[in-house]
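Undergrad: I'd like to ask you about the structure that follows.
The values are calculated or read from the model by the stated rules, or taken from the named source; none is laboratory data. Model, not experiment: these values are computed from the prediction. In this analysis, Cβ positions are derived from the backbone assuming ideal geometry, glycine residues included, and neighbour counts consider all displayed protein chains.
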């Protein structure tokens, strides 16, 4: 069970040997920048001087949010969640394009969309409910529902790991989920919720002001949750809870976890308060343009790989980061050393 997982910090036993292997490549020290950091991290996570990337995958979890049902915090109607899931299944979304381009396995999971999908070979049915409750009035979900969602996310990761996958990224789709993520960010970082709240799927200035006011009411409504799981149940979404469980499972299996944007990082924030060592396994794909993400990354002391001014979600940032990570592992294995290439190294 996901709640029995204990994630240990990544062993540092090979750090010196890995760093020496990196430094002996035919290049000035540090000249490959962040690629060198990734190569080192991949070797430490996999406990080898020769890390490999195997069967890279993205899972997109989709769910609806009670707060979004009346359109108070989101300019797009809640029905867009289900419509976008159909778009994923038809191969027409940005995440489909990037996964095809970079040969990434893509799984789409119904975590709790307010719609009954007919059976589809590309859709995994993990539905916990027809969307969460409106957290303006009551907790988004029960603690039992939260635990079921986390377990479902973990099981999806285990299925991919059993097929040989050792690096995974997560995406999401859920109208209203930037509100849930902002509340979780505020809870864990203690940054006022107004400063955590951005435009989401295109709110204008008036809509954004209303969104912030409503989320301040949500914070005032609920007594401070006593545990990370209770906070996730109070403010989260089914897709966020599944991502949280998925991240914990992936780290426990010594997989590299590629963290996408604002929503996925909020799920990681919860996971890191449950199991702090989970961060050792995470590579942060990019810094989203969604308000709050930069501050969340700073709180986690995380350095993102890319700055693409994106704020789409779906796991698109993670998909774009995957080939960069593959390049880091490739140079570590494929690049000649000064000795093997008979190239003179520095004398001092």
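Undergrad: Can you confirm whether the range 141-151 contains a residue that is modelled with pLDDT of 95 or more and under 23 Å from residue 254 (Cβ atoms)?
TA: Narrowing the range 141-151 to residues modelled with pLDDT of 95 or more: 141-151.
Still in the list and also under 23 Å from residue 254 (Cβ atoms): 150-151.
There is at least one residue in the range 141-151 that is modelled with pLDDT of 95 or more and under 23 Å from residue 254 (Cβ atoms).
Undergrad: Working carefully through the options 172, 155, 195, 116, find the one that is surrounded by 21 or more Cβ atoms within 10 Å (Cβ to Cβ) and either part of a strand (DSSP E or B) or at pLDDT 95 or above (or both). Explain how you work it out, then say what you get.
TA: Numbers: 155 fails: surrounded by 21 or more Cβ atoms within 10 Å (Cβ to Cβ); 195 fails: surrounded by 21 or more Cβ atoms within 10 Å (Cβ to Cβ); 116 fails: surrounded by 21 or more Cβ atoms within 10 Å (Cβ to Cβ).
One residue alone meets the criteria, 172.
Undergrad: Are any residues in the range 306-321 touching a strand residue (DSSP E or B) at 6+ places or on another chain (Cβ under 8 Å) and either assigned to a helix (DSSP H, G or I) or surrounded by fewer than 24 Cβ atoms within 10 Å (Cβ to Cβ) (or both), and if so, which ones? Even if it seems obvious, please write down each step before you answer.
TA: Start the filter on the range 306-321 by keeping residues that are touching a strand residue (DSSP E or B) at 6+ places or on another chain (Cβ under 8 Å), which leaves 306-308, 310, 313-321.
Residues satisfying the conditions are 306, 307, 308, 310, 316, 317, 318, 319, 320, 321.
Undergrad: Any idea which residue in the range 260-279 is surrounded by the fewest Cβ atoms within 10 Å (Cβ to Cβ), counting only those that are in contact with a strand residue (DSSP E or B) (Cβ under 9 Å, 6 or more places away or on another chain) and not in a helix (DSSP H, G or I)?
TA: Among residues in the range 260-279 that are in contact with a strand residue (DSSP E or B) (Cβ under 9 Å, 6 or more places away or on another chain) and not in a helix (DSSP H, G or I), the one surrounded by the fewest Cβ atoms within 10 Å (Cβ to Cβ) is 261.
Undergrad: Have a look at 285, 336, 277, 330 and point out the one that is in contact (Cβ under 8 Å) with a residue 60 or more places away in the chain and more than 28 Å from residue 6 (Cα to Cα).
TA: Details: 285 fails: more than 28 Å from residue 6 (Cα to Cα); 277 fails: more than 28 Å from residue 6 (Cα to Cα); 330 fails: in contact (Cβ under 8 Å) with a residue 60 or more places away in the chain.
Testing whether each residue is in contact (Cβ under 8 Å) with a residue 60 or more places away in the chain and more than 28 Å from residue 6 (Cα to Cα) leaves just 336.
Undergrad: Sticking with this one: Is there any pair linking a residue in the range 185-212 that is without any contact (Cβ under 8 Å) to a residue 24 or more places away in the chain to one that is surrounded by fewer than 20 Cβ atoms within 10 Å (Cβ to Cβ) and part of a loop (DSSP other than H, G, I, E, B), with Cβ under 6 Å and at least six apart or on different chains, and which?
TA: 208/199
Undergrad: State yes or no: is residue 183 touching a strand residue (DSSP E or B) at 6+ places or on another chain (Cβ under 8 Å), part of a helix (DSSP H, G or I) and modelled with pLDDT of 95 or more? Walk me through it before giving the result.
TA: Working: touching a strand residue (DSSP E or B) at 6+ places or on another chain (Cβ under 8 Å): no; part of a helix (DSSP H, G or I): yes; modelled with pLDDT of 95 or more: yes.
Criteria not met by residue 183.
Undergrad: Considering only the range 81-91, how many residues are without any contact (Cβ under 8 Å) to a residue 60 or more places away in the chain and touching a strand residue (DSSP E or B) at 6+ places or on another chain (Cβ under 7 Å)?
TA: If we filter the range 81-91 for residues that are without any contact (Cβ under 8 Å) to a residue 60 or more places away in the chain, which is where we start, we get 82-83, 86-87, 89-91.
Add one more test, that the residue is touching a strand residue (DSSP E or B) at 6+ places or on another chain (Cβ under 7 Å), and what stays is 89.
Residues flagged as without any contact (Cβ under 8 Å) to a residue 60 or more places away in the chain and touching a strand residue (DSSP E or B) at 6+ places or on another chain (Cβ under 7 Å) within the range 81-91 amount to 1.
Undergrad: Considering only residues that are over 30 Å from residue 117 (Cα atoms) and either in contact with a strand residue (DSSP E or B) (Cβ under 6 Å, 6 or more places away or on another chain) or assigned to a loop (DSSP other than H, G, I, E, B) (or both), which ones fall in the range 46-80? Spell out how you get there, then give the answer.
TA: At the first step, the residues of the range 46-80 found to be over 30 Å from residue 117 (Cα atoms) are 46-54.
Result: 47, 48, 49, 50, 51, 52, 53, 54.
Undergrad: A follow-up question, please. Would you point out the residue of the range 293-305, among those that are over 20 Å from residue 251 (Cβ atoms) and either over 15 Å from the mean Cα position of the chain (by Cα) or modelled with pLDDT under 95 (or both), that is surrounded by the fewest Cβ atoms within 10 Å (Cβ to Cβ)? Spell out the reasoning first.
TA: The first filter runs over the range 293-305 and keeps only residues over 20 Å from residue 251 (Cβ atoms), leaving 293-295, 298.
Okay, now just the ones that are also either over 15 Å from the mean Cα position of the chain (by Cα) or modelled with pLDDT under 95 (or both), so 295, 298.
Working: 295: 14, 298: 12.
Taking the candidates together, the pick is 298.
Undergrad: Okay, moving on. When residues of the range 30-65 are filtered for being under 12 Å from residue 325 (Cα atoms) and out of contact with any helix residue (DSSP H, G or I) (no Cβ under 7 Å at 6 or more places or on another chain), how many remain?
TA: Number satisfying all stated conditions: 4.
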